Amino acid sequence: MVQMTQQSVRAAYRHEDLRAMAGALLERAGMMPEAAQVVASTLVEGDLLGHDTHGLALLPSYLKELETGSMTARGEYRVMSAKPAAQMWDGMRLPGPWLIERGLDVLIPAARELGVASLAIRRSHHIACLAVFLMRAAREGMMMILASSDAASASVAPFGGTQAVFTPNPIAIGFPCSRGDVLIDISASITTNGMCNRKAAAGETFDENWLLDADGNPTNDPQVFRQTPPGTILPVGGLSHGHKGFGLALMIEAMTAGLAGRGRADPKEGWGATVHITLYDPDAFGGKAEFLRQMDFVAEACVNNKPRQGVDAVRLPGQKGLALRARQMEQGLVLHPLIAPALAPYCETLGVQFASTV
């Protein structure tokens, strides 16, 4: 039996051991080996970057989805439409990170040839931390846009409303920069479902009123999601400028569900994702050297900006996460204290040894 002490849940682990453990759990749960390794690596990379609500914290839910058959463990996606610069797939509810990596396998050479290449995927399963996938595109010298929505659930109301229509609808943009890759991973909502669930379970509140109760009253208490009817998350911009997040949510719905031809207008199929990916090769435009010249100039203007009081320095998006990733890869990955206890029962049931501490 796996014992989790207070000391062990805050201990550091070798990222290689966590990848191996997660991959073994997914394989024992029935996932095809190639996909299991991709999913495991994606989840650990999320934790390495500091996105600990979208790293191994997701693994218990993934294992449960495999157990119930809500995630397809084996098989292939279906190509529903294919043109030189654009494709649409039916993901068949296969593991989301595996579908994204397969998509990049197709899009990278297509973008090299055509300059721009796009893919929409309907009926993908959950795709985890979006920032993880940006790193691969940046290594290839490309700019990437990745967006996701989930038609099976709703927790964000349109600006001025009180009834949920959208998921947080994340969108991520990444590109190379001489100072370090820029990884922008945001959402159309002011916070995420994962953070609301974590704070509600811990009996915590947000520092600001990022939520609405069912009557439209602002609150910082995530317990409003457990009420009937439930509350909602505010769009980016909050009470005063939430029309901006509302517009962003609509844009992401068009990029994902609209282009994929499946979304909120269709029957619900369970937790998952509808996905949009576009890759841009700078060499098809002004050239990579000119791209870097422009973005390096802007980056330097930002990081050398005089910080306001209480701020140490201006950071580029992704800079903190990449520094944390490098440190944790060398010194060990420290998991959020809720992750190890949540995984321990699955390790015991599936006969997988929990990763050893550093």
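The values are calculated or read from the model by the stated rules, or taken from the named source; none is laboratory data. Owing to the predicted nature of the structure, the values given are computational and were not obtained by experimental measurement. Please note: Cβ atoms are built from the backbone with ideal geometry, for glycine as well, and neighbour counts cover all protein chains shown.
Observations on the structure shown:
- Beta carbons closer than 6 Å, at least 6 apart along the sequence or on distinct chains, pair a first residue in segment 109-121 that is crowded, with 24+ Cβ neighbours inside 10 Å with a second that is not hydrophobic (A, V, I, L, M, F, W, C) for ALA111/ASP281; LEU119/GLN87; LEU119/GLY103; ALA120/HIS276; ILE121/GLY91.
- Of the residues in segment 192-212, at least one is buried (at least 20 other Cβ atoms within 10 Å of the Cβ) and part of a loop (DSSP other than H, G, I, E, B).
- Scoring THR274 on the criteria (1) in the same structural domain as GLU65 (by TED's automatic domain parsing); (2) in contact with a helix residue (DSSP H, G or I) (Cβ under 7 Å, 6 or more places away or on another chain) leaves a single failure, condition (1).
- Selection of segment 231-249 for residues being of a type outside the set (Ser, Thr, Tyr) and either buried (at least 17 other Cβ atoms within 10 Å of the Cβ) or in contact with a Ser or Thr (Cβ under 8 Å, 6 or more places away or on another chain) (or both) yields GLY231, ILE233, LEU234, PRO235, VAL236, GLY237, GLY242, GLY245, PHE246, LEU248, ALA249.
- Residue ID - farthest from HIS336 (Cα to Cα), chosen from residues in segment 191-213 that are among the aliphatic types (A, V, I, L, M) and touching a Gly at 6+ places or on another chain (Cβ under 6 Å): LEU212
- Filtered residues of segment 203-228 (kept if touching a residue at least 24 places away in the same chain (Cβ under 8 Å) and closer than 25 Å to SER61 by Cα): PRO222, PHE225, ARG226
- Enumeration of residues in segment 284-307 that are out of contact with any strand residue (DSSP E or B) (no Cβ under 8 Å at 6 or more places or on another chain) and either of a type in the set (Ser, Thr, Tyr) or touching a residue at least 24 places away in the same chain (Cβ under 8 Å) (or both): PHE285, LYS288, LEU292, ASP296, GLU300, VAL303
- Meets criteria (in a strand (DSSP E or B) and farther than 21 Å from GLY263 by Cβ) for LEU146: no
- Tally, over segment 265-293, of residues that are part of a loop (DSSP other than H, G, I, E, B) and surrounded by fewer than 11 Cβ atoms within 10 Å (Cβ to Cβ): 2
- Those helices (runs of 4 or more DSSP H) of segment 1-100 in which 1 or more residues are within 22 Å of SER149 (Cα to Cα) and within 22 Å of the chain's Cα centre (by Cα) occupy 33-48, 59-68.
- Filtered residue count, segment 294-318, keeping only those that are outside any loop (DSSP other than H, G, I, E, B) and surrounded by fewer than 11 Cβ atoms within 10 Å (Cβ to Cβ): 2
- Residues of segment 12-39 satisfying the condition of being closer than 16 Å to GLY351 by Cα and in contact with a strand residue (DSSP E or B) (Cβ under 8 Å, 6 or more places away or on another chain): LEU18
- Single residue of PRO84, PRO33 found to be more than 22 Å from ARG325 (Cβ to Cβ), assigned by TED's automatic domain parsing to the domain that holds THR256 and free of Cβ contacts under 8 Å to residues at least 60 places away in the same chain: PRO84
- Any hit, segment 327-347, residues being under 24 Å from LEU25 (Cα atoms) and among the basic types (Lys, Arg): no
- Test: residue in segment 172-181 that is surrounded by 16 or more Cβ atoms within 10 Å (Cβ to Cβ), of a type in the set (D, E, K, R) and in a loop (DSSP other than H, G, I, E, B): yes
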